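Asks: Structure in structure tokens, see below.
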Amino acid sequence: MTAGGGPRVRLLICEDSDDDALLIATHLRRGGMEVDYERAERAEHVVEALNQRTPDLVISDFHMPGFGADQALELLRESGYDLPFILVSGRIGEEEAATLMRAGAHDFVLKDRMTRLVPVIRRELDQAQQRREHRGMQQKLRQAERLDSLGRLAGGIAHDFNNLLAVILGRTDLELADMPEDDPHREGLTVIRTLAERGADLTRHLLVFSRQEPLHPETLNANDVVADTERVLHGAIGEDIEFTTRLAEELWPVRIDRSELERLLLNLVANSRRAMPHGGQLQIGTANVPGETAMVRISVEDTGGGMSDEVKGRAFEPFFTTDAAAGTGLGLSTAYGVVKAAGGDIGLFSRPGGGTIVRIDLPARLSPAEAGRPADPSAEPGGGQRVLVVEDDDAVRDLVGMMMRRGGYRPVCLPDPGSALDLIRTGDGHRFDALVTDMVMAGMTGLELARAARGRYPELPVLIMSGYTAGTLPDGTSLPDGMALIRKPFTKDALLNAVARVLKTAHAS
Ligand SMILES: Nc1ncnc2c1ncn2[C@@H]1O[C@H](COP(=O)(O)OP(=O)(O)OP(=O)(O)O)[C@@H](O)[C@H]1O
Ligand SMILES: [Mg+2]
């Protein structure tokens, strides 16, 4: 909304003459400003223009038949908008001008000194912008302080409740353990136990909000978490809602508690879905935001009913909900705690009927050298390479995935060679930098899978996990270049070293 060059400036001109209003606009355009204007000469027009099409600036003649600048100024004050108000008049006494300035007019320009008008408008628009930014910051600060003190209160309550709940849970467990299977009290105790568990879950959310719950941050790629969320929600979201993702390529890594981030996204999606009872669009996007502090932005955007200022102002408070029947009002407050704990920021952009954007900014985890450019998959091992992990044992697969993520890779984990091959063959938007696979699996060995994979990606670095001695195959033959074996069980460091080695030999050949 700055004057000149940028966007158009929208003026409300209080003026009884069409010609004079046009004259002002023409003058501004000659001065290099892009302006749209509307003219009003009666109170009701002014009120309507202010409230429905809120202009950037009000220019007013001093005296019109049945209306005056003092009234226009009064109406502006009542509207609550902080807009520059500039008098432009052919005849105004110093006394009158001074009175209007005291009442809040920002400046006055005489019609025979119109060259002043453009610089005055530019200055006033700039200052109005600064006032808005200042107010925005003050508001954020006040909100942060309020949420902080709420956090301390909630944290204290949650601690006491946790102790109570621990005893309730412990005692019911003991009672249940000692009770015969057919005891008539069993059912009642089981209900108590279930509810106590729910209570414990609620207090855990409160502790996250008050940042007293220890979180488990790991370095991860938010795209992977969003993709997981999308997979989980596929089908659960309802056909009348169009759910899409817009993921940045080579997204910078962030450090945050993975399961909390998942939960957070699920809650945001649930909120959006509830705001769109008659359908609409929902998009999760990610982006790198370079700057003094490089940030990774995750945004969840819906075309739902939006929020009033009052709801928006309270949405992060624990237990604030507009859905008394189904909501507990802990979703956004927990999100606030998780994001703050990760050193980030979360904000709501919404207005009634205009949809909602929830924007999360998390500090990017970059070495200073990386800050300027996205991770390069062929650079150093652990530089964000995509690695396909194939392993049929759930626990081992999860473990390998975790180790790889810790090491700075982006693993895609699959439970069987068949679906791995499908993914390799169709591509599905993925390009893999390495394959880490179990040796003995149903249907196909890891070696067979590796050979098939190399049909599409020749020289694909491969690490095979097996119970056999590293280096040689069961039948004694050695492995092709860029393939290696690692013996189970292995430590994280052994795995990461082995992956780094196959990546290096593959790139050297
Ligand atoms: N996308 C959205 N569109 C409109 N209003 C929203 C949106 N997201 C949140 N809100 C408002 O903010 C309130 C608080 O959200 P929050 O997720 O904290 O709690 P909840 O969804 O009501 O309950 P819970 O998440 O515990 O089930 C909601 O009740 C709703 O009024
Ligand atoms: Mg919610």
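Asks: Given a Förster distance of 25 Å, report the FRET efficiency between ARG142 and ASN51 from their Cβ-Cβ distance, rounded to the nearest 0.05.
Replies: With a Förster radius of 25 Å, E is 0.45.
Asks: State the antiparallel share, in %, of DSSP beta bridges confined to the chain, rounding to the nearest 5.
Replies: Among the beta bridges of the chain, antiparallel pairing accounts for roughly 40 percent.
Asks: So what is the 222 nm mean residue ellipticity for the chain from helices alone, if each DSSP H run of at least 4 adds -39500 (n - 2.57) and you divide by all residues, rounding to the nearest 500 deg cm²/dmol?
Replies: One gets -15000 deg cm²/dmol as the mean residue ellipticity at 222 nm.
Asks: Counting only protein heavy atoms and using a 1.4 Å probe, what share of the accessible area of segment 29-81 belongs to carbon plus sulfur, as a whole percent?
Replies: Carbon with sulfur: 45 percent of the solvent-accessible area.
Asks: Also, I was wondering about something else. Could you rank THR245, THR115, THR194 by how accessible they are, 1.4 Å probe, largest area first?
Replies: Descending order: THR115, THR194, THR245.
Asks: Now a separate question. What part of the accessible area of segment 139-209, given as a whole %, is carbon or sulfur when the probe is 1.4 angstrom?
Replies: The nonpolar share, carbon plus sulfur, comes to 60 percent.
Asks: Before I look further, what does the chain give for accessible area per residue, probe 1.4 Å, in whole square angstrom?
Replies: 52
Asks: What's the Cα-based Rg to Rh of segment 386-508, Rh via Kirkwood?
Replies: We get a ratio of 0.91 for segment 386-508.
Asks: Ok, one more. What percentage of the solvent-accessible surface of segment 386-508, computed with a 1.4 Å probe over protein heavy atoms, is contributed by carbon and sulfur atoms?
Replies: 53
Asks: Rg and Dmax of the chain over Cα atoms: what are they, in angstrom?
Replies: When restricted to the Cα atoms of the chain, Rg and Dmax are 31.7, 105 Å.
Asks: How many percent of DSSP beta bridges within segment 9-131 run antiparallel, rounded to 5?
Replies: So the antiparallel bridges amount to about 10 percent of the total.
Asks: Taking the simple approach of a point 7 Å from Cα along Cα-to-Cβ for both THR26 and GLU249, what is their distance in nm?
Replies: 5.3
Asks: Right, next: Taking the Cβ of ARG122 as the centre, find all other residues whose Cβ is under 13 Å away and add up their charges (Lys, Arg: +1; Asp, Glu: -1).
Replies: -3
Asks: Right, here's the next one. Under a cut-off of 27 Å between alpha-carbon atoms, report the lysines in cross-link reach of LYS312, not counting same-chain residues fewer than 8 places apart.
Replies: Counting by Cα, and skipping residues close in sequence, LYS312 has these lysines nearby: LYS140, LYS340.
Asks: How fast does segment 139-209 diffuse by Stokes-Einstein, in µm²/s, taking the Kirkwood radius from C-alpha pairs at 25 °C and 0.890 mPa s?
Replies: The calculation lands on 176 µm²/s.
Asks: For Cα pairs less than 8 Å apart in space and 6+ apart in sequence, what is the mean separation divided by the residue count of the chain, i.e. the relative contact order in percent?
Replies: 8
The values are calculated or read from the model by the stated rules, or taken from the named source; none is laboratory data. Since the structure is predicted, the reported quantities are computational estimates derived from the model, not experimental observations. Virtual Cβ from ideal backbone geometry, glycine too; neighbours counted across all protein chains shown. These accessible areas exclude ligands, DNA and RNA; they are computed on the full protein's heavy atoms, side chains included. Shrake-Rupley method; radii C 1.70, N 1.55, O 1.52, S 1.80 Å.
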